[in-house]
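The block underneath contains the structure these notes are about, expressed in structure tokens.
The values are calculated or read from the model by the stated rules, or taken from the named source; none is laboratory data. Just so it is clear, the structure is predicted and the values come from calculations on it, not from any experiment. Cβ sites come from the backbone with ideal geometry, for glycine too, and all protein chains shown count toward neighbours. Ligands, DNA and RNA are excluded from the accessible area calculation, which covers all protein heavy atoms including side chains. Shrake-Rupley method; radii C 1.70, N 1.55, O 1.52, S 1.80 Å.
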Amino acid sequence: MDVRPSQQMRDLGVVQQGAGILTEPARPFDLPAERDEAERITDELFAAMERIGQVHPFAKGMGIAAPQIGIARAAAVVQPPGDAPAIILLNPRITARSKETDDQYEGCLSFFDVRGLVPRPLKVTVETAALTGETVTTVYERGLARLIHHEIDHLDGLLYTARMKAGVEPIAVEEYRQTGRAWAYEH
């Protein structure tokens, strides 16, 4: 019997669409006071990514936000494509976005049966907190900007469907694979 992708993600511990935690803003960390808590949650995110990566390949990178594993805190981890090191986002905030955008298909671990065409800026500037409490500012471009923006949306209580153009609906993953655009980003 075939298991639907969303059921597979649920079985791996990913909170599914419809759960309230996915539509509520996550609570920021008070760093460095909550350093141990931030490290523990980051470890849980890496463990979830490891479990998911064993059953689903993510050629274009992937990310997961703490609310997706049932933790309402402002933490996410993004694994860029290739061998690049993972990016840890604590209390992330987009401070600038390019006017230039592009539309790409995105997937979400919290409703993995569909893909949606989402416009996103080609460049974002993001402020995050280091475990020591300092603020770090990083500029991300293109695919990585899309991955980062998607995860920050999760921490703000937004799913990618909120960013889709009016009248555009997600398509079934089977239909998406037939578009020839199966190189899109999945988070």
(request) Would you please list the contacts, defined by Cβ atoms under 7 Å and residues six or more apart or on different chains, that run from a residue in region 114-134 that is under 28 Å from P5 (Cα atoms) to a residue that is in a strand (DSSP E or B) and small (G, A, S)? (result) V114/A172; R115/G107
(request) Provide a single number: the residues in region 1-38 that are part of a helix (DSSP H, G or I) and more than 18 Å from G70 (Cβ to Cβ). (result) 3
(request) Scan region 1-24 and report the pairs whose first residue is at pLDDT 90 or above and whose second residue is of a type in the set (F, W, Y) and assigned to a loop (DSSP other than H, G, I, E, B), with Cβ atoms within less than 7 Å and a gap of 6+ or a chain change. (result) M9/F112
(request) All but one of (1) more than 15 Å from A66 (Cα to Cα); (2) more than 11 Å from the chain's Cα centre (by Cα); (3) not basic (K, R) hold for Y160, so report the exception by its number. (result) (2)
(request) For region 1-38, enumerate the residues that are open to solvent by 70 Å² or more (accessible area, probe 1.4 Å) and within 18 Å of the chain's Cα centre (by Cα). (result) R10, Q17, G18, T23, E24, P25, R27, P28
(request) Residue by residue through region 159-187, note down the ones that are open to solvent by 60 Å² or more (accessible area, probe 1.4 Å) and at pLDDT 70 or above. (result) A162, R163, K165, A166, G167, E169, E174, E175, R177
(message) Suppose we filter R93, R97, R115 for residues that are under 18 Å from M9 (Cβ atoms) and either polar (S, T, N, Q) or surrounded by 15 or more Cβ atoms within 10 Å (Cβ to Cβ) (or both); which single one remains?
(response) R115
(message) Pairs please, first residue from region 75-95 and closer than 18 Å to I21 by Cα and at pLDDT 95 or above, second anywhere and open to solvent by 50 Å² or more (accessible area, probe 1.4 Å) and assigned to a loop (DSSP other than H, G, I, E, B), Cβ atoms under 6 Å, 6+ apart in sequence or on different chains.
(response) N91/P28
(message) For a quick check of your reading of the model, give me the residue pairs whose first member lies in region 136-147 and is surrounded by fewer than 22 Cβ atoms within 10 Å (Cβ to Cβ), whose second is assigned to a helix (DSSP H, G or I), with beta-carbon atoms closer than 7 Å and at least 6 apart or on different chains.
(response) Y140/I148
